[in-house]
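The values are calculated or read from the model by the stated rules, or taken from the named source; none is laboratory data. As the structure is a computational prediction, the values presented were derived from the model and not from experiment. Positions of Cβ are generated from backbone atoms using ideal geometry, with glycine treated the same way; all protein chains shown enter the neighbour counts. Side chains included, ligands, DNA and RNA excluded: accessible areas come from the protein's heavy atoms. Shrake-Rupley method; radii C 1.70, N 1.55, O 1.52, S 1.80 Å.
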Amino acid sequence: MTLVLNEEQRLLKDTAKDFLNSAMPVSALRQLRDKKDSLGYSREHWQQMVELGWASMVLPEAYDGLDFGYMGLGAVIEESGRTLAASPLFSTVVLCSTIIVEGGNEEQKSILLPRIAAGDLNMALALEESPHHQPSGFTTTAIADGDDFIIQGEKLFVLDGHSAEQLIVATQLETGVGLFIVDANSTGISRRRHHMIDSRNVATISFDQVRVKASALIANAKRGQDILNTAMDYGRVCIAAEMLGGAIECFERTVAYLKERDQFGVKIGSFQALQHRAAKMFIELELSKSVVLDALSAIDDKRADLPQLASLAKARLNDVFELVTNEAVQMHGGIGVTDELEIGFFLKRSRSATQILGNSGFHRDRYASLCGY
Amino acid sequence: MSDLDQFRQTVNAWLEENCPPSQRIPITREEQVWAGKNKTFPSSDAKLWFERMRDKGWTVPEWPIELGGGGLDEQHAKILKEEMKRLGCRTPLFDLGIWMLGPAVLEYGTDEQRQQHIPKIARGEVRWCQGYSEPGAGSDLASLQTRAEDKGDHFLVNGTKIWTTNADKADWIFCLVRTDPDAKKQEGISFLLIDMDDAGVSTTPIELISGESEFCQTFFDNVKVPKANLIGELNKGWSVAKSLLKHERKLMAEIGGDTPGPSFSPIQAAIEYIGLDQSGRLKDIGIRDELVRHEMAFRAIGLTHFRSFEERMNGVADNNVPLIMKYVGTEESKRKEEVLMAILGHRALGWYDDEFNVDELLTNRGWLFSKALSIAGGTSEVQLNIIAKRVLGLPD
Ligand SMILES: Cc1cc2nc3c(=O)[nH]c(=O)nc-3n(C[C@H](O)[C@H](O)[C@H](O)COP(=O)(O)OP(=O)(O)OC[C@H]3O[C@@H](n4cnc5c(N)ncnc54)[C@H](O)[C@@H]3O)c2cc1C
C-alpha cells in the first residue's frame, strides 16, 4: 500500500496534463456538443491517447500491454477529468478489458486484448436495466439453444454503446449471471444513442432474439458475477478518479474567481461566509485524494478490501463533486448559470458520473453491509 | 532485512518481554499515569511499565538520548508507535510537557534550560500545564493582558489565566505574558515558565458539562519569576507559542481516539442496541446511514494521516495537509459521539445510577467531552480561517 505516486507515475501525470490542456480542453467537448458530433468523441484525439499508451497501460504484457498499473492509469484519468475529455477509455479499457483479462479464455484474450491495446477495438459494457444502478439480478436473458444462446432484453445507459464494435452483455442464465461478448452489429440488436446533459455518449441497446455462439460466453454463474463485480469495482475507482480531477479543477477555478471579483469595494474572497465554505471544500478534496489513491493501490495490489475502497471512493466523490460544482456555480453568481462559463459542464458531468456504477446511497448501503452491519 | 524491519522485530520482542499483560488492555481515565512530583500509580504493573519505558527513553522516543529521550527519528518512532498499538501497550506517561512544552524548549531553549527541564519531562518528574487563554483573550489570544514587569533580576507577574487544564494538579505552568504593553499586540508578548509553588499563584476549579472540573482559573498576584525562566527572546514569545501550537493541533487531531469513552466501537454498539434484520442490515436505517457516513469519513481521515506521513517520508510533503487535520479530526470525533448517543437511545442518558452500566455512562461523558475538542487548541472556525488564508491565499 502506498499513497504517493512514484517518479514514473508523476511524469505520466504531467505528460497527460500537458496533452489534455493543449489538445482537449473543455472547449473541445463544447465543440463536439455544438456540432452534434455523431461519434461524440474525436477519433484523432483518441488515436493520440492510444499513442501515449493509455489504452495499453493496464493490460498484461503478454497481450501487448504495458502492465503499468492503475496508480498510473488513475493519474491519467484524474487529469482527463480536469478537462472533461471525452474518449472510449473508460468503457473499453477499464470496464471491458478487465472482464476479458479476469475472465476470458486464452483465445478471447489473444484476439481482443492486443486490438484494444492498439486502439483498434472499442467495446462497451451493456449492464443497466433500470433508472438506477443494479449490479445483479438481470432481466435480460440468455437461453441455451443447441450450441448457441439466444439473448433477449434491453440495456440502458450503456456508456459509449452507440459507437462500440463489440459489446459485453450481462445476462441472466439459469445458473446465474452470464457475460457474453457480442458483435454490436449482430442481427436483432438495435441501438439508440441519447443526447445527455454532460454531452457524453450513452445508448439504449435492445436485444431481440440475438443468437450468439457458446464460445462467446466469458463466464457464468458465480464466477460470472465475481468477474463482473471486479470490473465494476475497477470502474468505480476509475470514475472516482475522473470525478476527483473534475472537482479539483472546478474548485481551483472558483478560488481564482474569489480572488478576482470585486464587490462592496473588496474581493469577494475576503468574506468569511465564502472563505469557510471554500476551506471545507479544500478539506473534502484532500480526503478524497487519499481515498482515491488508496483505492487505486488496492487494485494494483489485488487487495481483498477493494470492494470497500471502491464504495468508499465512489460515494465520497459523488458527494464531493456535487458539493463543489454546486458551490462553484453559487460563488460565481449570475455568470455561474451561463453556458458561456465552463463551470456548467462540470456541474452536468458530476451528475452523470454519479449515476455511473452506483449513487452514494447504493455505495453507503454496500459499504455498511461489507462491514457487517 | 531492512534496517526498519530489523528494528520492528527488536521493538516487538522488547515490548513482548517488558510490557506486563495488564498494561495491554485498553486504559481507563483513572489508570492514566500523569507526570508530577507526587506521581501516583494505579497499580504496580503500571509503575513497572512506566519505569521500563522511561529507562529506554521511550516516554519521549524522538528526543535526544543525552536528555532522557530515545533518540529515534520519525520513521523509527512511528514503528515503535505502531508496534505498541498492535500489542495494545498503554501510553506509559501523560503530560503536556511531553506533547507541547518539551518540543518548544528543545527548539527555543538555551542549553541550561534544556538541561533543567527536558530530562525531568522525559522522566515524568514534573507535571506541566498551559497558561495562554484569559477571560478576555481566547481566539484572539494576542490580546492577552497578564503582565510581567521587568524588575531587574526578576519579572513581577500579575493577571489571570482561564481554562487552564489541570492547573490544580500541575507543578509548573508555561505562560504567555505581556512584557511590552506599548508594542503592537503580537510583539509585546513573552514566553515564561512559572513554578506553581511560587508565592502568589493560586487556582480555582471550574465545573464542566461533563461533571468534571479538569480546568481552572489561575491567578497571579505579584508573583516573582526568575529571568532564567524566559524561553526565547524577550517580546518574541509569540513565535514560540506558534510553533508550540502546531504540536497541540497535531495532538488534538489524534486525541479523538483517546478520549474517555465506552469500550465498544459504534458498530459493536449498534449491533447490540439496535440489532440486524434478516438481510444483515441494522434495523434502524436512519441510524445505519449516519453510522456508515461516520465510518467512511473516519476511514478517509485515517488514509489522509497515512498519506501525509508517506509524503513526508518520500520528501514530497504537502505542508497544507497537517493544517486540515485538527479541523476534520475533531469535527469527526464529535460526529462519532453523536452517532453513539443515537445508537444507545435512552440508555445513553443515565447520569449516575446503578441501572446503567459503565459503558452507558461513559457514552454521555465521552459525548460531552467531545464538545471541547473543536474549541480547545484553536476553534474550528479559527482553523477554517487559517486554511482559507494560508492555504488558499484568500484575502483579509
Ligand atoms: C477542553 C479545553 C481545554 C483547554 N485547555 C486550555 C489550557 O490548558 N490552557 C489554555 O490556555 N487554554 C485552554 N483552553 C482554552 C481554549 O484555547 C479557548 O477556549 C479557545 O482558544 C477559544 O477561546 P474562547 O473560549 O475565548 O472562545 P472565543 O474566542 O470567545 O470564541 C467564541 C466563538 O466565536 C468564534 N470566533 C472567534 N473568533 C472568530 C473569528 N475570527 N472568526 C470566526 N469565528 C470566530 C469561535 O470559533 C467560537 O465559536 C481549553 C479549552 C478547552 C475547551
ask   = Taking the stated definitions as given, is B:L362 within 14 Å of chain A (Cβ to nearest Cβ) and surrounded by 19 or more Cβ atoms within 10 Å (Cβ to Cβ)?
value = no
| request: Could you tell me whether any residue of the stretch B:247-254 is in a loop (DSSP other than H, G, I, E, B) and either touching a helix residue (DSSP H, G or I) at 6+ places or on another chain (Cβ under 7 Å) or within 15 Å of the ligand (Cβ to nearest atom) (or both)? | output: no
Among residues of the stretch B:214-230 being open to solvent by less than 70 Å² (accessible area, probe 1.4 Å), within 16 Å of the ligand (Cβ to nearest atom) and closer than 22 Å to B:A142 by Cβ, the residue nearest to the other protein chains (Cβ to nearest Cβ) is B:F215
Being among the aliphatic types (A, V, I, L, M), in contact (Cβ under 8 Å) with a residue 12 or more places away in the chain and within 20 Å of B:K169 (Cβ to Cβ) narrows B:M100, B:M53 down to just B:M100
Filtering the stretch B:360-390 down to residues that are within 16 Å of the ligand (Cβ to nearest atom), part of a helix (DSSP H, G or I) and of a type in the set (A, V, I, L, M, F, W, C) yields B:W367, B:L368, B:F369, B:V382, B:L384, B:I386, B:I387, B:A388
Within the stretch B:296-328, restricting to residues that are at the interface with another protein chain (Cβ under 7 Å from one of its Cβ atoms) and not in a helix (DSSP H, G or I), the one that is least open to solvent (accessible area, probe 1.4 Å) is B:V316
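Can we say A:V324 is within 14 Å of chain B (Cβ to nearest Cβ) and either surrounded by 17 or more Cβ atoms within 10 Å (Cβ to Cβ) or of a type in the set (G, A, S) (or both)?
The answer is yes for A:V324.
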When A:Y234 is run through (1) out of contact with any Leu (no Cβ under 7 Å at 6 or more places or on another chain); (2) among the aromatic types (F, W, Y); (3) within 13 Å of chain B (Cβ to nearest Cβ), the failure sits at (3)
Per the list (1) closer than 15 Å to A:L258 by Cβ; (2) in contact with a Leu (Cβ under 9 Å, 6 or more places away or on another chain), residue check on A:I356 breaks on (1)
Evaluate the following for B:M100: is it within 11 Å of the ligand (Cβ to nearest atom), part of a helix (DSSP H, G or I) and at negative phi?
-> yes
If we ask which residues in the stretch B:365-396 are free of Cβ contacts under 8 Å to residues at least 40 places away in the same chain, under 26 Å from the mean Cα position of the chain (by Cα) and within 14 Å of chain A (Cβ to nearest Cβ), their number turns out to be 3
Condition set open to solvent by 10 Å² or more (accessible area, probe 1.4 Å) and either touching a Gly at 6+ places or on another chain (Cβ under 8 Å) or within 16 Å of the ligand (Cβ to nearest atom) (or both), scope the stretch B:338-359, selection nearest to B:E212 (Cα to Cα): answer is B:W351
When the stretch A:279-302 is checked residue by residue, the ones that are open to solvent by 10 Å² or more (accessible area, probe 1.4 Å), in contact (Cβ under 8 Å) with a residue 60 or more places away in the chain and within 10 Å of another protein chain (Cβ to nearest Cβ) are A:L293
Among the residues of the stretch A:42-55, the number that are under 19 Å from A:E242 (Cβ atoms) and touching a residue at least 40 places away in the same chain (Cβ under 8 Å) is 6
For B:S210, the lone unmet condition from (1) within 13 Å of the ligand (Cβ to nearest atom); (2) open to solvent by less than 40 Å² (accessible area, probe 1.4 Å); (3) assigned to a strand (DSSP E or B) is (3)
Note on the stretch A:174-192: residues open to solvent by 20 Å² or more (accessible area, probe 1.4 Å) and either modelled with pLDDT of 95 or more or of a type in the set (F, W, Y) (or both) are A:I181, A:D183, A:N185, A:S186, A:T187, A:G188, A:I189, A:S190, A:R191, A:R192
